[in-house]
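Comments concern the structure below.
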Amino acid sequence: MFNKTIGLILSVAILNGCAESTNPGDTDNPSNKITPSAGDDIPKRLPGEVYYTGYDGGLTDMSVLVSTHRTLVIEDPTVATAELVSIEIPVTTVDEMIAELKAAGEELSTNRENRLRDRLANPTAWKLTPLKPGFTYIEATRPASSRTGQIRPESVWYTPELRTLVVEDYSGDLINTGKIRYDQGANGSPACTACHGNTDGGAPSHQIGRVTEISDTDAISWITTGRAGDRVFESSPGVQNAANHSWSFTNDTEKNATVAYLRSQQTKDIKELAQLLFDEALAEAKAENIN
């Protein structure tokens, strides 16, 4: 059941990992970095993984939870703060993930399974809290192997990364307008909650961290046309049908407001964070050749 839930989540493109990437030279050569300030225009191409959120004067918690074992340091602390926080993952959730991994034919030794369970016993995530509109780069580094105490130069797993946080400028009124459209619908189009607000609707909750990886422009395209770049809405796994996710809005303000409201709901789902941490811990165990 858990696998089906995650499969549904990952099949919806607005929640798919779609962080923008850049030429490797952007991160390999620190001299190529641009130090942003609040007044700068946001570049069209941003380094590494990109997280999008908003700021409405601090009225709404629009923090972003990033599930990673890397250490995140905000380069411009006037735009946002980064805090390592504990999250609680039920043991039954871990049991379900491991059971389904084995059922899928994954070779999982006792040592590797114990490693996964240890990693998820007291998990943490980075909480990025916006302080004002703007953008900032994020340094993402990984410590030496916990097993050997050494860094493997040949492994990209330990290579420092440069990521980006974009904070859009919203108002409390805009978010409230978006909530009304989300809950009530408009112009003959149904409310978003008709599908996303209950399990009968068949669509995942928007309280999932991956919505942070889509820009406002792409999000507006997604809710109005069912398309965003080369991504097309899947009405069911493997079946693309953009028309099934094309909704009408009263005006442009309502479109922007709906996206702002989505931002206020993002990154609240612990099961999804658990899955992301689980996948990363498994990848790391494989990279370190834990048998």
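Any read-out appearing in this document is the output of simple, stated calculations on the displayed coordinates, not a laboratory observation. Remember, predicted model here, so these are calculated numbers, not experimental data. Cβ coordinates were reconstructed from backbone atoms using ideal geometry, including for glycine residues, and neighbour counts include every protein chain displayed.
Details
- Solution diffusion estimate, µm²/s, Stokes-Einstein, region 172-265, Kirkwood Rh from C-alpha pairs, 10 °C, viscosity 1.306 mPa s: 118
- Approximate shape of region 34-124 as ellipsoid semi-axes (Cα gyration tensor, √5λ), whole Å, largest first: 36, 16, 12
- For region 172-265, the dipole from Cβ point charges (+1 on Lys and Arg, -1 on Asp and Glu) about the Cα centre works out to 40 debye, to the nearest 20.
- Along region 48-55 the Karplus relation, 6.51 cos²θ - 1.76 cosθ + 1.60 evaluated at θ = phi - 60°, assigns HN-Hα couplings of x, 5, 10, 10, 10, 8, x, 9 Hz to successive residues, with x for each Gly and Pro.
- Whole-Hz Karplus values for region 169-183 come out as 9, 10, 10, x, 5, 5, 5, 5, 4, x, 4, 4, 5, 5, 8 Hz, taken residue by residue from phi with 6.51 cos²θ - 1.76 cosθ + 1.60 and θ = phi - 60°; glycine and proline positions read x.
- Spatially, region 212-252 and region 56-124 are offset by 28 Å when compared through their Cα centroids.
- Other residues lying with their Cβ under 9 Å from the Cβ of ILE175 contribute a combined charge of 0, Lys and Arg counting +1, Asp and Glu -1.
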